[in-house]
Each structure stands twice: as structure tokens, then as C-alpha cells.
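Accompanying notes for the structure given below.
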Amino acid sequence: MLVLKFAIVAAVSYLLGCCNGALLVSKYILRDDIRQHGSGNAGLTNFYRVFGGKTTALVILVDMLKAVIAVAIGALVINSGETMGIPMLGKLWAALFVMLGHDFPAMFGFKGGKGVLSGGAMTLALDWRVALICWGLFLVLVLLTRYVSLGSIAGGASFAVVVAMRYPYWPDIILGILCGALLVWGHRSNIVRLIHGNENKFSFHKKGEGQK
């Protein structure tokens, strides 16, 4: 029965993750495909740069809600009392699969976003203390450098560390590392650009089509 619960949470969370806000809004509301513009990534930053702020709030709402709902389902279905008292197991299990769905959505050719917004919402749903550190580090780095990617990478890496410190149970630690690694892996091209000094800085102004 417990195995079935894990399978159900994984499937539901993955399907929720596939509801990529940038893809849904661009394809079905704007009648376009965000992956055909800018950097080609179906994420919030690229969406804002290409389409501006009018529909960005809807993207944020979709990506945050799906993560919160998935984590809530994970906590509800996988009771910690049935899993050796491991406190975050159900939540982190759901978090991993909602991020996989966001990054690799089956119905959109497995080309999704980088999981920053969903990951951020997921931390809030998991533990506000974990979220405070991850979001705090993200915001400080973005404000100081204007590199959203740098803040996101640091946030993902710190998530794995903070979870390991806060919840020293090996299943929670492994899932925390996987979630953090997934977010960092999604930014591998950004890491290369950061190293070479040609990463784009965030601007509140919408960029032209030719810019990435």
C-alpha cells in the first residue's frame, strides 16, 4: 500500500509539474510558444523578457500553485507515521516529481523551464525556515549582481544543504540533494555564460526579439 501511495504522489506531482505556466500562457492565451523566442527556455525570466509583465502574473500563479498543491498532496497521502517518522519524506518526494514535470513536461516534448519559481514555491510549502534561507540568498545575489541565474543556482545548492541540516534523515537528505541538483542542472548553460562573463543581467524592461 505504501508503494502505491508513493507511485500515486509521483504521478500526480509530475502531471501537475507539466502544467508549465510559461508554456500554457504563451500557447493558449497568447497563441505563441515561448520556446521559439529569446533564450528558448520556458521559464519565467525568458517569458518576462519576451512578452513583458501583462501576463507574467498568471505564469507566476500557475507555477507557484502547482508546487504548493503537489507538496500538500505528498504530505497528505504519504503519512510520515507510516514512513519511519521521516518528517519531510512525502513533501520532498512530491517536490522532486513536480520539478521533473516542470523541467521535462511529457506533453510539451520534454522541453520545459528551469524550475526556479516552482522550486521557490516548493520551499515555502515545505518549511518557511528553509524558504527563508534559500529565498534570502537568492534575493541578495540578484539584487547585488542582477544575475537571476546566479541567485537561482545558489538557492538550489543551499536548499540541499539546509534540508540536510534541518532534517538529518537519509531519505530527506537524498531527496533534498536531488531537488537542488535538478535546479542547478537546469542552469548549466547559465553557469557556462557566467564563467565566460556573457550572462544576461535582469532588467525590468522588456527586451527585443533578437536579444536573449
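Using a 1.4 Å probe on the protein heavy atoms only, what accessible surface does residue 196 show? Give it in Å² to the nearest 10.
Accessible area, nearest 10 Å²: 140 Å².
Can you send over the carbon and sulfur percentage of the accessible area for the range 1-69, probe radius 1.4 Å, protein chains only?
The nonpolar share, carbon plus sulfur, comes to 72 percent.
Per 5 Å bin from zero, what fraction in whole % of the C-alpha pairs of the range 1-105 is there, up to the bin with the longest pair?
Going out from 0 Å in 5 Å bins, the range 1-105 shows 2, 14, 22, 18, 14, 10, 8, 6, 3, 1 percent.
Could you give me D for the chain, from Stokes-Einstein at 20 °C and 1.002 mPa s, where the hydrodynamic radius is the Kirkwood radius over C-alpha pairs? Units µm² s⁻¹, please.
Translational D for this selection: 124 µm²/s.
Expressed as a fraction of 2.2 N^0.38 Å, the rule-of-thumb size for a compact globular protein of N residues, what is the C-alpha radius of gyration of the range 107-212?
1.14
I need to check one value: relative contact order of the range 110-160, counting alpha carbon pairs closer than 8 Å and at least 6 residues apart, in percent.
29 percent
When the chain is treated as a GNM, springs tying every alpha-carbon pair under 10 Å, which of 117, 58, 44 comes out with the largest mean-square fluctuation?
Evaluated over the chain, the most mobile residue of the options is 58.
Convert each backbone phi in the range 31-45 into a coupling constant with the Karplus relation 6.51 cos²θ - 1.76 cosθ + 1.60 (shift: θ = phi - 60°), then list the ³J(HN,Hα) values in order as whole Hz, x for Gly and Pro.
6, 8, 10, 4, 6, 9, 9, x, 7, x, 8, 8, x, 4, 4
How large is the dipole of the chain about the Cα centre if only Lys and Arg carry +1 and Asp and Glu carry -1, each at its Cβ, rounded to the nearest 20 debye?
Around 600 debye, computed over the chain.
Do the sum for the chain: with -39,500 (n - 2.57) for every DSSP H run of n ≥ 4, divided by all residues, what is the mean residue ellipticity at 222 nm, to the nearest 500 deg cm²/dmol?
Result for the chain: -21500 deg cm²/dmol, rounded to the nearest 500.
Can you run phi through the Karplus equation (6.51, -1.76, 1.60; θ = phi - 60°) for the range 184-194 and list ³J(HN,Hα) in whole Hz, with x for Gly and Pro?
5, 4, x, 9, 4, 5, 5, 4, 4, 5, 5
Given a 1.4 Å probe and every protein chain left where it sits, what share in percent of the accessible area of the range 106-169 is carbon and sulfur?
Carbon plus sulfur share of accessible area: 76 percent.
Where is the GNM fluctuation largest for the chain (alpha-carbon springs, 10 angstrom cutoff): 127, 172, 103?
In the Gaussian network model the winner is 127.
Can you tell me, using C-alpha contacts under 8 Å and at least 6 residues apart, the relative contact order of the chain as a whole percent?
Value for the chain: 23 percent.
May I ask for the Rg/Rh ratio of the range 66-142, computed from Cα atoms with Rh as the Kirkwood radius, given to two decimals?
Computed over Cα atoms, the ratio is 1.03.
With a 1.4 Å probe and every protein chain left in place, work out the accessible area per residue of the chain in Å², rounded to a whole number.
That works out to 49 Å² per residue.
Name the most mobile residue of 88, 165, 122, meaning the one with the largest mean-square fluctuation, in a Gaussian network model of the chain with Cα contacts below 10 Å.
Ranking 88, 165, 122 by mean-square fluctuation puts 165 first.
The values are calculated or read from the model by the stated rules, or taken from the named source; none is laboratory data. Every value quoted in this text rests on a predicted model; they were computed, and no experiment measured them. Note: ideal-geometry Cβ built from the backbone for every residue, glycine included; neighbour counts use all protein chains shown. Each accessible area value is taken on the protein alone, full model and side chains, heavy atoms only, with ligands, DNA and RNA left out. Shrake-Rupley method; radii C 1.70, N 1.55, O 1.52, S 1.80 Å.
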